[in-house]
């Protein structure tokens, strides 16, 4: 009953059984559904954390490229990445089209990040060695 | 020198050093870049395999919902998922906006899958209990 102290990273009271379906659903069906959702929630946690780490890595790449004035895009690299992810998707019964869309979705976010870094760097250095907007990786 | 036998799941000759940057880049810079890309490639492999497994889970949810005539959408569930992923993103230094966009991106793919299943089921059963198009989960 005590007021929780405000914290920087406040735990969100996630309810794994949150639903709008009400009690027309039989308890044993709910049980089965919630078990499946538990797995989905675990996969989502894994995805978010791996994505966070992937963005740490592309940030380092962006800084390295800026430091050495390397070209922003690298079509040969991107082509190899797409072919690899499509093949990997196929082997794990994931739609290869989706795998490619997924990579493009992430790359566009990486670009957005780099644009932000470039803008910050331009503010700091008045335009010297700004990080180009399309270091995909 | 023998011709490789065609296989169902043919290994794709992925070159982790594929690049269009040529040899104007110093070897030690390439070394650093390739080490970073090695990590990115590992993260991508993890992402693809977890995504594949997540789609297995949502497929099971779609079948369960169809079997028990459960409502397709579940706004209460989606709201909880978004709040959780945003909080988790924040804690792992990932942009919460991106985490939300990411979840929506996946959900739209899940919907696409369910539409395909529904169409297949309609072909099989002439419209009995088709799986609705928007079992998000």
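The values are calculated or read from the model by the stated rules, or taken from the named source; none is laboratory data. The model shown is predicted, which means the values in this text are computed figures rather than measured ones. Neighbour counts run over all protein chains shown; Cβ positions are idealised from the backbone, glycine included.
Filtered by the rule that a residue be free of Cβ contacts under 8 Å to residues at least 24 places away in the same chain and more than 7 Å from chain B (Cβ to nearest Cβ), the range A:30-62 gives A:30, A:31, A:34, A:35, A:38, A:42, A:56. Among the conditions (1) touching a helix residue (DSSP H, G or I) at 6+ places or on another chain (Cβ under 7 Å); (2) closer than 29 Å to residue A:61 by Cα, residue B:81 misses just one, which is (2). Annotation: residue B:87 fulfils all but one of (1) touching a helix residue (DSSP H, G or I) at 6+ places or on another chain (Cβ under 7 Å); (2) without any contact (Cβ under 8 Å) to a residue 40 or more places away in the chain; the unmet one is (1).
Condition first: on the phi > 0 side of the Ramachandran plot and outside any loop (DSSP other than H, G, I, E, B). Can you find one or more residues in the range B:16-25 that meet it? Yes, that holds for at least one residue. Within the range A:82-102, how many residues are surrounded by fewer than 19 Cβ atoms within 10 Å (Cβ to Cβ) and not in a helix (DSSP H, G or I)? Going through the range A:82-102 one residue at a time, the tally reaches 2. Here the range A:103-115 is the region considered, the condition is being touching a helix residue (DSSP H, G or I) at 6+ places or on another chain (Cβ under 8 Å) and more than 7 Å from chain B (Cβ to nearest Cβ), and the residue that is surrounded by the most Cβ atoms within 10 Å (Cβ to Cβ) is A:114. Would you confirm whether or not the range B:67-81 contains a residue that is facing another protein chain (nearest Cβ under 7 Å), surrounded by 18 or more Cβ atoms within 10 Å (Cβ to Cβ), modelled with pLDDT under 90 and not in a helix (DSSP H, G or I)? The answer is yes, given that some residue of the range B:67-81 is facing another protein chain (nearest Cβ under 7 Å), surrounded by 18 or more Cβ atoms within 10 Å (Cβ to Cβ), modelled with pLDDT under 90 and not in a helix (DSSP H, G or I).
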